[in-house]
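The values are calculated or read from the model by the stated rules, or taken from the named source; none is laboratory data. Computed from a predicted model, the values in this text were never measured in an experiment. Note that each Cβ is placed from the backbone with ideal geometry, even for glycine, and that neighbours are counted across all protein chains shown.
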Amino acid sequence: MRRGLALLLGFVVLLTIPTGAASPPSPDTGGELRDDLDGILEDPRLEGATAGVVVRDPRSDRVLYARNPRTRMTPASNAKLFTSVAALETLGEDFRFDTEVLATGERRGAELRGELYLRGTGDPTMLAADYRELAAEVAASGIEVVRGRVLADDSWFTGPGLANGWMAVDEPYHYAAPVSALTVAPTEDYDAGSVLVRVRPGDPGTPVRVSTRPSTGAVTVVNRARTSSAGSPETLSVRREHGSDRVLVSGELPADSGRKRFFSSVPDPTRYALDVFRRALAEHGVSFEGVGTARTPERARVLAEHRSMPLGELLTPFLKLSNNGHAETLVKTMGRRVLGEGSWTAGMQVLRNELDALGVDPGSYRLVDGSGLSTLDAVSPRQLSLLLDAARAEPWFDTWYAALPVAGAPERLVGGTLRGRMGGTAAEGEVVAKTGSMTGVTALSGYVRTRSDRPLVFSVVFNDFLGAAPRDVQDALAVRLAEHGGDASPGTGDPRSREHDPPRISAGRDGSGVDARRSALECSWTKSCRTDNDG
């Protein structure tokens, strides 16, 4: 088994097919499957909505079920399937981001008579601890005084920080943080360009206590919230004002409440990274004369360097937690690597070229961003299913497949956005798929292993429904596919050998089977995937 399956840090294990079992289940007919799926899709919540479904048998290259297969629909985060595949094709599993500290000028003892440059290439996994390590390397080189400034170089990427088609209402939230070649993530969810705001009660009648992780001046916290009496209603709100660096904390938090956590985007991620780094230099006893931004001169020499985890490993938090920033960073990186321009225009052109090579007609869909946060994106369930089918033949498939969410798996970096769905059903551990959610949109596309141990590819996209997302309808469809007896005959067309079938993944069990809280957005964006608020 390829190296990629080891990237889940021991959570993912291969299972052998049980031996000594009773006689295999009787296969159900294609007609029974179609009738059952038709019945599930009769749910009244889908009346007036658009439902697109495709189920493919990749071994026989047959379509087992289709409804509105060619209708272009808003895919939400299913767009990340296209982006991640294009990134693997363009950059490779071993690609890493580099962040460097460089110097100009002369050294005289502990004094640098020049300037320091902090230069990034978009690493979305940079934590405050990583900037402290860079600062420690600078100090270890013997530099104590910089007779010049510390300058941030974010020129690796160009253009605006926010992707095409994003709505202004999303701008204050961490899932819509701007992208930059220099940025900071507050936790190991790697929500780059965001800050963690922690709020806890004080004494009744006093202001609440607020802190940020990491400590930074890139946002200005305005604390207007009060501590209310124990048992009183909670009305606490933490939200960055649109177009501003002011994070307003308001409302009331009862005195008997625990600590609350909120994630806010930062309007200027380059300034954020520079602020975290300058604080780290000061902690390590390195003084300097100011800060600013500038392009690094060619003559500058490297003093310290940080390399990110490889792309094959980054895929896990990217896809399991549906991280928008990772998608957009990869788009700009593809543009920079292939066309020499770190822009969305260049990156999306590279993405389209790679999808074309995999058999997805560039004239039959529209993608304007890499994450799917834009409502301008339009793809069909058929195109999603063809991509999923084509991916099985690629050398990076095992790595990619292992990074997709797993139904009913309680470990957050195994189950991801499916950790609270389909637990205790035939689909638990047998459905490995990418979710997608936003207002009026829910999507689920991936792979399912049937009860006859046959892999199927499926895509289910619902658009324009009213009210809460009918994810339970998607789950019912996936469970029915997992229960399908299937047809063991190889069929016709272009059969694939069994060695290209998706590996079986253990979901693990914790006995809870609790569904993720309903939301218009991905549960990982709202930190509500069962226990996403842990830690």
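General observations
- Residues in region 192-219 that are in a loop (DSSP other than H, G, I, E, B), more than 30 Å from S308 (Cα to Cα) and hydrophobic (A, V, I, L, M, F, W, C): V208 alone.
- When every residue of region 463-482 is checked against the conditions, none turns out to be hydrophobic (A, V, I, L, M, F, W, C), assigned to a strand (DSSP E or B) and at pLDDT 85 or above.
- Condition check for R307: out of contact with any strand residue (DSSP E or B) (no Cβ under 9 Å at 6 or more places or on another chain) and among the charged types (D, E, K, R): no
- When T316 is tested against (1) in contact with a helix residue (DSSP H, G or I) (Cβ under 7 Å, 6 or more places away or on another chain); (2) outside any helix (DSSP H, G or I), only condition (2) is not met.
- When T19 is tested against (1) in contact with a helix residue (DSSP H, G or I) (Cβ under 6 Å, 6 or more places away or on another chain); (2) at pLDDT below 95, only condition (1) is not met.
- Residue count for region 424-441, restricted to those that are hydroxyl-bearing (S, T, Y), under 27 Å from Y175 (Cβ atoms) and surrounded by fewer than 24 Cβ atoms within 10 Å (Cβ to Cβ): 1
- Of the strands (runs of 3 or more DSSP E) that lie entirely inside region 248-303, those containing 2 or more residues that are modelled with pLDDT of 95 or more and closer than 26 Å to G114 by Cα span 291-293.
- Of the residues in region 499-518, not one is modelled with pLDDT of 60 or more, under 20 Å from G420 (Cβ atoms) and touching a Ser or Thr at 6+ places or on another chain (Cβ under 6 Å).
- Condition check for L112 on (1) out of contact with any His (no Cβ under 6 Å at 6 or more places or on another chain); (2) crowded, with 21+ Cβ neighbours inside 10 Å; (3) in contact (Cβ under 8 Å) with a residue 40 or more places away in the chain: one failure, at (3).
- Within region 250-270, being within 27 Å of the chain's Cα centre (by Cα) and aliphatic (A, V, I, L, M) holds for one residue alone: V266.
- Selected residue (criterion: surrounded by the fewest Cβ atoms within 10 Å (Cβ to Cβ)) from residues of region 235-269 that are touching a Gly at 6+ places or on another chain (Cβ under 7 Å) and touching a residue at least 40 places away in the same chain (Cβ under 8 Å): D256
- The set of residues from region 165-199 being within 12 Å of T125 (Cβ to Cβ), buried (at least 22 other Cβ atoms within 10 Å of the Cβ) and in contact with a Lys or Arg (Cβ under 8 Å, 6 or more places away or on another chain) comprises just one member, P186.
- Residue list for region 442-486, restricted to those being among the hydrophobic types (A, V, I, L, M, F, W, C), under 25 Å from P317 (Cβ atoms) and either in contact with a Cys (Cβ under 9 Å, 6 or more places away or on another chain) or surrounded by fewer than 24 Cβ atoms within 10 Å (Cβ to Cβ) (or both): A469
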